[in-house]
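Remarks on the structure that follows.
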Amino acid sequence: MKAPQAALVIVTLAAGLLLTARCDAGTEPAAPAAPSPAPAPSASAAPASLYQRLGGYDALASLTDDFIGRLFRDPSLSRFFAGYSDDARGRIRQLLLDQLCAASGGPCLYIGRDMKTAHRGLGIHEAEWAATVGHLIASLDKLKLAQPEKDEVLVIVARLKRDIVEKP
Ligand code: HEM
């Protein structure tokens with residue numbers, strides 16, 4: 001290689017190196033951004049839903065399991081649940097859980113029938129209603145909830161009574 005050619009190669013290589021160095025500099029990781037300050041507690045924060053105050057999905061699942069177990073074991077209610085298969089029990093348990101979860105503000109979708117349709121013709125008496133609510137109270141007591149949360153669940157259930165009870 002002649003001298004002028006060699007000089008050209010050297011100049012080209014040097015320019016290439018310079019360009020690469022500039023590009024690398026441009027892709028250097030940016031200095032870490034200062035962490036954003038934690039949000040200050042706001043007086044306008046939404047209050048916890050009943051679902052959250054009851055303890056969330058797992059707590060509601062325990063409540064439902066305990067409640068439904070009591071219903072199935074109660075001899076005074078056996079005319080309703082005798083002969084239920086395990087699958088039928090599982091189905092009603094899941095529907096009850098979804099219903100409770102949705103009604104308390106949780107992220108569930110109740111896809112069962114409305115209460116009037118599901119209970120029409122069962123001829124449920126006041127005494128059977130009272131026994132059922134008694135079981136629910138016993139299950140709520142087991143969760144050791146504060147009285148306001150218990151009361152809120154009982155209010156939700158009480159609203160369903162006129163669609164469920166057919167006989168005095
Ligand atoms: C405490 C309030 C009550 C709630 C929240 C409730 C909720 C439900 C739900 C979600 C279903 C399933 C609906 C469906 O299949 O699409 C159901 C069905 C049923 N409930 Fe209730 N229920 C209540 C009270 C009662 C009472 C007092 C009795 C009888 C003592 C009863 C007996 C039944 C029976 C036998 C079925 C099954 C009906 C069928 O398979 O056709 N329920 N209930």
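Every number in this text was worked out from the coordinates using simple rules, so none of it is lab data. Just so it is clear, the structure is predicted and the values come from calculations on it, not from any experiment. Virtual Cβ from ideal backbone geometry, glycine too; neighbours counted across all protein chains shown.
Computed extension gain for Asp58 through Ile137, at 0.36 nm per residue and net of the alpha carbon distance, reaches 26.6 nm. With Cα atoms defining each centre, region 45-88 and region 110-168 are spaced 11 Å apart in the structure. For region 50-164, a simple Cβ point-charge model (Lys and Arg +1, Asp and Glu -1, everything else neutral) yields a dipole of about 220 debye relative to the Cα centre. What's the FRET efficiency of Arg89 with Lys161 using the Cβ-Cβ distance as r and R₀ = 25 Å, to the nearest 0.05? FRET efficiency, Arg89 to Lys161: 0.60.
Sorting the segments 130-143, 78-91 by their residues' average number of neighbouring beta-carbon atoms within 10 angstrom, most packed first, yields 130-143, 78-91.
Distances between placed amide hydrogens fall under 5 Å for Gly112 paired with no residue 5 or more residues away or on another chain.
Backbone phi angles across region 61-76, fed through the Karplus curve with coefficients 6.51, -1.76 and 1.60 (θ = phi - 60°), yield HN-Hα couplings of 5, 5, 4, 5, 4, 5, 4, 5, x, 5, 4, 5, 8, 6, x, 6 Hz in residue order; Gly and Pro are listed as x.
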